């Protein structure tokens, strides 16, 4: 049972920041990563659209007998996590609840959240922080184009020009820390730090989400023993060469993925042979 893989998914390469953290905290685990680049970006999508896509991905991962899935996507975590937990038999870890619970008793008075428009529109970060007992103010700010710019590998000048406009409300609010509320954002953390003025701590939800996954697996005695090298399997629904190239740039190593297709009529993902 403990050799079963951990599943992760995102609309593209963003969730690789969570995969990177998973490799750091749980290096012995087998992992399956699903990049739904065919439907990227998720940020502008409605909750109904997103639920259909997320359920299709989870059904695909279920075929591989995953023991736990991390929704390595803040938008999915905000809009679909709770309903998905009622539909699937394996534990599901989102990106929002773990960091909210961990920071509930912090001394931060003004917390910023930089996220996609769907995540900001859901107000899920503020809700989760309030529910966890956080007594400070939460200022959520959308940066609609940023995930796509990271996906494309946009130039620094263009990236920071967009960021400067996006983070202006957070600077005006004089936030003390900023949550990177999209898994694409840690890959451009240096640029975000610069446009914020270089002195505001950035908080990556990935470390908190993976820590929660580790805790759940430990409690269920499902941690894998490192008796052999772990397996890493990556699936992508869009252009495979584009994904492999960009993922390799971000992770600093060669990436090999497997193509899957999406049936619009049936609403499921399937292997392409």
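What follows is calculated from the coordinates using simple rules that are stated; it is not laboratory data. Note that this is a predicted model, so its numbers are computed, not measured. Please note: Cβ atoms are built from the backbone with ideal geometry, for glycine as well, and neighbour counts cover all protein chains shown.
Per-residue extension of 0.36 nm, minus the Cα-Cα distance of residue 48 and residue 2, leaves a gain of 13.2 nm for this segment. The calculated 222 nm mean residue ellipticity attributable to helices in the chain amounts to -12000 deg cm²/dmol, summing -39500 (n - 2.57) over DSSP H runs of n ≥ 4 and dividing by all residues. Peptides 85-96, 218-229 ranked from most to least packed by the mean count of surrounding Cβ atoms within 10 Å: 85-96, 218-229. Build a GNM of the chain with springs between Cα atoms under 10 Å apart, and of 15, 43, 248 the one that fluctuates most is 248. Annotation for the range 1-80 versus the range 256-271: alpha-carbon center distance of 14 Å. Between residue 216 and residue 148, what FRET efficiency follows from the Cβ-Cβ distance if R0 is 25 Å, with the result rounded to 0.05? The formula returns an efficiency of 0.20 here. Stokes-Einstein diffusion for the range 97-205, with the hydrodynamic radius set to the Kirkwood value over Cα pairs and evaluated at 37 °C in a medium of 0.692 mPa s, equals 237 µm²/s. Extension gain for residue 266 to residue 157 (0.36 nm times residue separation, less C-alpha to C-alpha distance): 35.0 nm.
A straight chain from residue 223 to residue 38 at 0.36 nm per residue would run longer than the Cα-Cα distance by 63.4 nm. A crude spin-label estimate for the pair residue 253 and residue 190, with each label 7 Å from Cα along the Cβ direction, gives 2.1 nm. Hull volume per residue, based on the alpha-carbon atoms of the range 197-265 and their convex hull, is 221 Å³. Residues considered: 236, 120, 195. Largest GNM mean-square fluctuation over the chain, using C-alpha springs under 10 Å, is found at 195. Here, P(r) means the percent of Cα pairs in each 5 Å bin from 0 to the largest distance; for the chain it is 1, 6, 13, 18, 20, 17, 13, 8, 4, 1, 0.
Sorting the segments 154-160, 36-42 by their residues' average number of neighbouring beta-carbon atoms within 10 angstrom, most packed first, yields 36-42, 154-160.
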